[in-house]
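Below is one structure, written out as structure tokens; the observations come after it.
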Amino acid sequence: MPNQFPTVRDWLALLSMLMLFIAGAREAIAQSTEATKFVDHSLLIAPEFPCTWPSAPFPRFQITHQRVIGPDSAYNIDVLLIDGNTGTQLDVPPHSVARPDLKREKSGPLGLAYTDKIEAWQFGGEACVVDVRDLLDQAAKGVSPLVKPEHVERFEKQHRRLRFGDVVLFRSDYSDKYYRPFPEGSRFIADALDRKAPGFPDPNPECMEFLATRGVMTLGTDSASMGPLPDLAEPTHFAGLKHGMIWTESATNLGALPPTGAFYCMLGPKHQGAPYGEGRAFSIVGGDLPKRLIDAAKNKRAIDLSPTLAPNLPITSPGIGTGNHRQTYLKIDFLYSEYLDLWHHAHLMDSMAGTHLVPPSFALPPEGAKPAYSPEVRGWLIDYEKKYGPRGASSMTTEQVPLDWTSGPARVIDVRPLVGSTDAKSWPASPEITTAHIQAFEKQSGDLKPGDVVLFHTGHLDKHFKPQPNDTGVWADPLSGKSEGWPAPGPDAIVYLKSKGIRCVATDAPDLGGVSPKQALMTYWALGSREMVGVEFLHNFGKLSSGGYFLFAPLKIRDCHGGPGRAVVLE
């Protein structure tokens, strides 16, 4: 007759399970009671850092301050030369999966899942930090220590079983230790490639296959790449990407996260046909917000608010008058992959191409500077300061803007009734969004609160965003007075929003300024002088419902007065 009583081993196993349950409960309680905070996981992009892949012919990152505040410009305007393998970056299936029409061994439908095709829900989820610090530098020079299935199983024994909706993050602290300015920065990638130092820890193909059995679709690593050196990079990439996985490479600061429970997100510019792309990774920890966002991503309640970036789409301003256009968006092919039949490409682009950030320093000079404005702008400044006080100064470029300034509860103010309200004789002109419009919204939908993100729903891009030659309705026709401008807030509206504690104002129009140069500049002065930021060039507001949470993060580029990125709402 079998023994019906528990053995010592049974009691020990039960005790172990109980201890894990208690530890998890304590962790959940601690996270729910502590303040919510944002954690940045992105490397700083700057020319003196090893932010680009060092092998030829990959282009080096460049930022050009094309125009500075002075007699020829009221704004600081930057141009970027940037490749998708820059800084903290995103890989998607076409990095290794060939298009189905090529009919090759690695062909499949996921060969068409470029960065602009990945659904918004997949960019985020619950961070599950797999600690592999014991592997750091534990290999020969030029060789990567391998993260194997047993390392993931070790995590599961310590915490819980992985599942769909998790973002598995491999933490080795590699980027924390080795991402430095040159010449020390050569240790980050170049020395490993040249077999002068051990490679970065990375998963082997078997680890990717194991994660696929758990339903994991999103990963991240704080190594320079997800591909082990010297010869497993492609096998590991294909092993994961063939399942539709996406992942972050060159993350950092993963040690700031608990093993589970944080919400992790990776957002980047929506380049058309890109097999990888530069991005901004961050997490939200503490309080109840992470749990809410994790649930939304897991259940695919996510809306992408960023239009696609492509050379034939109207994503940069043509300006008013000849010679005043911003840098057009150019795709630059530099390396051909025969197997994938595609070109690796970089982009030459205005820092405000497509969805982008407007930091205070866009329209404000740095502290101590006395810009020599044109006579016309000097007159506008006199008028502005009489009514709104000193214009102020700011050196807050994009990388200095706190992440929690550009995310928050989405408060969508429908200003579409303003469309068509101006007289054609007054064009170029934009209908002005006034304090009264905002107050009318509050009366109906409740007061705005500090931390809310105000989204002005104009419908402009939804209606006019079309490829050439039908692209003039976005910028060219309104700026030239051939059609009405898009609704835009005046400085009075900005001042009122600041009084309500609003930090971030967004629009589904080309910009927050409108087509009148004087009013636009006053609006941007009002934003900057009150330490507010803007997010411009969005769409799809009509798909939003009440209660959504707005997420936006620009590329972490040092000294940038714009900042491309992607915006999503989780509901």
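For the chain, the longest principal axis of the C-alpha atoms and the axis of helix 149-158 are separated by about 80°. Available extension along the chain between K387 and R161 is 75.3 nm, counting 0.36 nm per residue and deducting the alpha carbon span. DSSP assigns beta bridges within the chain; of those with both partners inside it, close to 65 percent run antiparallel. Could you list the residues of region 201-239 with an amide nitrogen less than 19 Å from a label point located 7 Å from the Cα of S55 in the Cα-to-C-beta direction? The answer is 201-205, 223-239.
Here's the picture: a label point sits 7 Å out from the Cα of S107 along the beta-carbon direction, and within region 331-348 the residues with their amide nitrogen under 19 Å of it are 337-343. Bridgeable lysines around K518 (alpha carbons under 16 Å apart, same-chain partners fewer than 8 residues away excluded): K386, K387. The phi torsions of region 436-452, fed into the Karplus equation with coefficients 6.51, -1.76 and 1.60 and a -60° offset, translate into couplings of 4, 5, 5, 5, 5, 4, 4, 4, 8, 10, x, 5, 5, 10, x, x, 5 Hz, rounded to whole numbers, with Gly and Pro shown as x.
How much length is gained on full extension from T64 to N312, taking 0.36 nm per residue of separation minus their Cα-Cα distance? If you can, show how the numbers build up before the last one.
Values: separation 248, 0.36 × 248 = 89.28 nm, distance 2.32 nm.
Full extension of this stretch gives 87.0 nm more.
Helix 375-388 and the longest principal axis of the C-alpha atoms of the chain enclose an angle of approximately 80°.
Mind scanning K300/K556; K106/K270; K300/K449; K449/K498 and naming the pairs with a C-alpha gap bigger than 20 Å? Before the final figure, lay out the partial values.
Numbers: K300/K556 27 Å; K106/K270 25 Å; K300/K449 27 Å; K449/K498 10 Å.
Result: K300/K556; K106/K270; K300/K449 exceed 20 Å.
Annotation note: GluC sites (Glu not before Pro) in region 111-219 located in DSSP loop regions with a Cβ neighbour count of at most 14 within 10 Å are E119.
Of the trypsin sites (Lys or Arg not before Pro) in region 292-386, the ones in a loop by DSSP (not H, G, I, E or B) with at most 16 other beta carbons within 10 Å are K300, R301. Across region 88-98, coupling constants 3J(HN,Hα) worked out from phi with the 6.51/-1.76/1.60 Karplus curve, θ = phi - 60°, read 6, 9, 10, 10, 10, x, x, 4, 9, 8, 6 Hz, and Gly and Pro carry x.
Its residues counted as N, the chain yields a C-alpha radius of gyration over 2.2 N^0.38 Å of 1.02.
Based on alpha carbons, the Rg and Dmax found for region 352-570 are 16.6, 47 Å. Between helix 517-529 and the chain there is an angle of about 50 degrees, using the helix long axis and the longest principal axis of the Cα atoms. Extension gain for the segment R378 to Y339, taken as residue separation times 0.36 nm less the Cα-Cα distance, is 8.2 nm to one decimal.
Approximating the spin labels as points 7 Å out from Cα along Cα→Cβ, the K148-to-D423 distance works out to 8.1 nm. Got a sec? Which residues in region 35-78 would a label at F182 touch, if it sits 7 Å along Cα→Cβ and we count backbone N under 16 Å? Of the residues in region 35-78, 45-63 have backbone N under 16 Å from the label point off F182.
Laboratory data are not the source of any read-out in this text; all were calculated from the coordinates shown. This is a predicted model, so every value here is computed, not measured. Please note: Cβ atoms are built from the backbone with ideal geometry, for glycine as well, and neighbour counts cover all protein chains shown.
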